[in-house]
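**Q** Here it is: the structure, laid out below.
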Amino acid sequence: MSETLTEKPQPDVVKSAEVYQGDINNAIIKAQQMTGPAIDEAWWNQHVGNNGSTESILERFDVAYVSKVAEEQSVSKEDNQLPLENNDSSSSEKAMRIQTQKEEAAWGEYISIGSKDYLEANRERINSGKLDVTNLGTAEHSLTLVASLRVDPETKQVVSGHEDNPEAQSIADTEEAFQLYLDRTEPDKRVVVYEGDERIFSDRAEAIRQASDSGLIQFLAKQESVPSETGEPTKQEVSRIMAELGVSSEELAALYVGRALASLKNPEDPNALAGHIYYEAAVAGVEGFHEYSEAEKNTIVENDKLDEAMTDINSKVQELLPKLNEMYRPALDGEDLFVVNDGKVVLNPVFADSDITAIAMDKLGWDGTSRLNEVARLNLELRDRAIFHNIISTYNQGKNPFVVYGGSHVVCLEPALKAYVG
């Protein structure tokens with residue numbers, strides 16, 4: 001008489017091969033985000049590796065990931081069955097697990113950049129011609145999302161991007177939305193979540209011209225004594241995760257430099273462009289580049305070493321330029337983005353009459369087939385995951401966040417935030 005063996009039920013795991021759309025890294029990331037447990041570099045090297053075809057790598061990952069998920073679910077089940085006296089912190093740990101599960105479930109509603117749903121939602125947002133302000137939650141506990149809108153100064157057409165015109169309608173609409181937020185929100189529940197780094201200006205127009213809508217909302221928050229915080233991941237987090245995804249520090253630097261290029265068009269200081277490239281390379285972790293502290297900068301100036309420092313910066317940047325230009329060429333029809341003129345790094349004269357904002361946002365952004373476009377997509381989704389977590393963390397502290405972010409970020413994040421807030 002033979003025994004009938006009952007197989008253990010397999011966990012519900014999203015297969016990377018099923019969500020693969022031409023980018024192996026995106027498929028691996030999406031499988032984790034839609035399932036739950038995250039992997040690290042050591043696990044990847046041990047169970048998957050980078051050898052073989054795309055199909056074989058995805059297949060190895062899917063098989064190994066099912067085992068990982070099953071193992072973690074088994075551990076979680078055993079934890080829940082522990083007697084209370086053997087686990088003094090079981091209540092708080094259980095609450096944290098529930099919170100994590102809720103966050104992961106909501107993240108499953110995230111809209112990937114470039115997807116059909118994204119393109120439709122973003123097209124609708126732009127075609128409306130109006131600033132998109134969305135209120136989620138209840139009157140007592142709410143979350144306000146403001147999706148930035150920009151008007152092309154030449155064509156007067158509404159486009160994606162950040163508005164730096166102090167007289168723009170979307171700027172006035174943002175100010176009106178913030179005033180309504182102040183009117184309906186108790187002071188102890190107010191908090192602003194902004195995009196990018198802290199940029200505090202004492203003048204409204206300067207804040208907008210220098211830091212667009214992020215500068216505006218930080219200016220308004222300071223004027224009204226409202227606490228503010230960035231929604232961004234730390235530089236170290238981004239560099240570490242991008243490296244785990246196979247992005248080199250030079251590739252990350254190329255993205256950072258191109259993304260901020262619009263704010264540096266026609267710089268009066270001949271060293272400004274080299275200084276910008278050096279800084280972004282240091283942030284990205286390129287070997288040999290050092291992020292100077294304010295104390296170091298002051299010491300250089302006090303010791304009259306500025307010219308010497310800038311000579312060194314120009315030299316290092318010029319050594320890096322070939323690698324950067326190699327990244328830019330496929331997205332710029334074979335043209336170098338930067339050249340050296342009289343010992344200074346300058347923008348290629350080919351682009352002198354071009355709309356630098358359009359180049360930075362369109363050709364050097366996520367929408368394209370070059371390696372740099374791929375890096376931009378990876379970076380955008382990584383940032384969105386961190387922004388999502390930071391927003392809901394603030395919300396879970398009992399605050400009613402007022403969130404001002406780029407329109408594309410909001411389009412991607414809004415369904416996940418709706419799912420979380422309910």
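The values are calculated or read from the model by the stated rules, or taken from the named source; none is laboratory data. This one's a predicted model, so the numbers in the text were calculated from it and none came from an experiment. Every residue, glycine among them, receives a Cβ derived from its backbone with ideal geometry; neighbour counts consider all protein chains shown. Calculation scope for accessible area: heavy atoms of the full protein, side chains included, ligands and nucleic acids excluded. Shrake-Rupley method; radii C 1.70, N 1.55, O 1.52, S 1.80 Å.
**Q** Determine whether the stretch 337-350 contains at least one residue that is within 19 Å of residue 285 (Cβ to Cβ) and out of contact with any Phe, Trp or Tyr (no Cβ under 6 Å at 6 or more places or on another chain).
**A** No, the stretch 337-350 contains no residue that is within 19 Å of residue 285 (Cβ to Cβ) and out of contact with any Phe, Trp or Tyr (no Cβ under 6 Å at 6 or more places or on another chain).
**Q** Just one of 145, 149 is crowded, with 21+ Cβ neighbours inside 10 Å, within 26 Å of residue 368 (Cβ to Cβ) and touching a helix residue (DSSP H, G or I) at 6+ places or on another chain (Cβ under 8 Å); which is it?
**A** 149
**Q** Then there's this: Among the residues of the stretch 301-324, which ones are free of Cβ contacts under 8 Å to residues at least 60 places away in the same chain and touching a strand residue (DSSP E or B) at 6+ places or on another chain (Cβ under 8 Å)?
**A** 314, 317, 318, 321
**Q** Within the stretch 127-168, how many residues turn out to be of a type in the set (A, V, I, L, M) and at pLDDT below 85?
**A** Matching residues across the stretch 127-168 total 3.
**Q** Follow-up question, since we're still on this one. How about the stretch 325-335: which of its residues are in a helix (DSSP H, G or I) and either in contact (Cβ under 8 Å) with a residue 40 or more places away in the chain or over 25 Å from the mean Cα position of the chain (by Cα) (or both)?
**A** Listed by number, the residues that qualify are 327, 328, 330, 331.
**Q** Also, I was wondering about something else. Can you tell me which residue is farthest from residue 277 (Cα to Cα) among those in the stretch 336-375 that are assigned to a helix (DSSP H, G or I), open to solvent by 40 Å² or more (accessible area, probe 1.4 Å) and at pLDDT below 80?
**A** 362
**Q** From the residues in the stretch 27-42 that are assigned to a helix (DSSP H, G or I) and touching a helix residue (DSSP H, G or I) at 6+ places or on another chain (Cβ under 7 Å), which one is surrounded by the fewest Cβ atoms within 10 Å (Cβ to Cβ)?
**A** Filtering the stretch 27-42 for residues that are assigned to a helix (DSSP H, G or I) and touching a helix residue (DSSP H, G or I) at 6+ places or on another chain (Cβ under 7 Å), the one surrounded by the fewest Cβ atoms within 10 Å (Cβ to Cβ) comes out as 41.
**Q** So which of 313, 300 ends up being crowded, with 18+ Cβ neighbours inside 10 Å and assigned to a helix (DSSP H, G or I)?
**A** 313
**Q** Another question, if that's okay. Would you please name the residue that is farthest from the chain's Cα centre (by Cα), looking only at residues in the stretch 361-418 that are acidic (Asp, Glu) and closer than 30 Å to residue 188 by Cα?
**A** Selected residue: 414.
Residues are listed down the side, and each one gets a yes or a no for (1) open to solvent by 20 Å² or more (accessible area, probe 1.4 Å); (2) closer than 28 Å to residue 23 by Cα; (3) touching a residue at least 12 places away in the same chain (Cβ under 8 Å):
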site	(1), (2), (3)
166	no, no, yes
175	yes, no, yes
179	yes, no, no
199	yes, no, yes
214	no, no, yes
231	no, yes, yes
234	yes, yes, no
244	yes, yes, yes
250	yes, yes, yes
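**Q** If you don't mind, another one. Looking at the stretch 43-60, can you tell me whether even one residue there is among the small types (Gly, Ala, Ser) and in contact with a Phe, Trp or Tyr (Cβ under 9 Å, 6 or more places away or on another chain)?
**A** no
**Q** Could you tell me whether the stretch 226-239 includes any residue that is among the acidic types (Asp, Glu) and farther than 27 Å from residue 387 by Cα?
**A** No: the stretch 226-239 contains no residue that is among the acidic types (Asp, Glu) and farther than 27 Å from residue 387 by Cα.
**Q** Just need a number here: residues in the stretch 14-33 that are β-branched (Val, Ile, Thr), at pLDDT 80 or above and more than 19 Å from residue 247 (Cβ to Cβ).
**A** The qualifying residues number 1.
**Q** Picking from 140, 154, which residue would you name as being closer than 20 Å to residue 178 by Cβ and surrounded by fewer than 14 Cβ atoms within 10 Å (Cβ to Cβ)?
**A** Every option except 140 fails the conditions.
**Q** While we're here: Looking at the stretch 93-102, is at least one residue within 27 Å of residue 393 (Cα to Cα), at pLDDT 85 or above, β-branched (Val, Ile, Thr) and under 21 Å from the mean Cα position of the chain (by Cα)?
**A** The answer is no; no qualifying residue exists.
**Q** I would also like to ask the following. What are the residues in the stretch 270-297 that are more than 30 Å from residue 371 (Cβ to Cβ), part of a helix (DSSP H, G or I) and either touching a residue at least 24 places away in the same chain (Cβ under 8 Å) or not hydrophobic (A, V, I, L, M, F, W, C) (or both), if any?
**A** Once the filter is applied, which keeps residues that are more than 30 Å from residue 371 (Cβ to Cβ), part of a helix (DSSP H, G or I) and either touching a residue at least 24 places away in the same chain (Cβ under 8 Å) or not hydrophobic (A, V, I, L, M, F, W, C) (or both), the stretch 270-297 yields 294, 296, 297.
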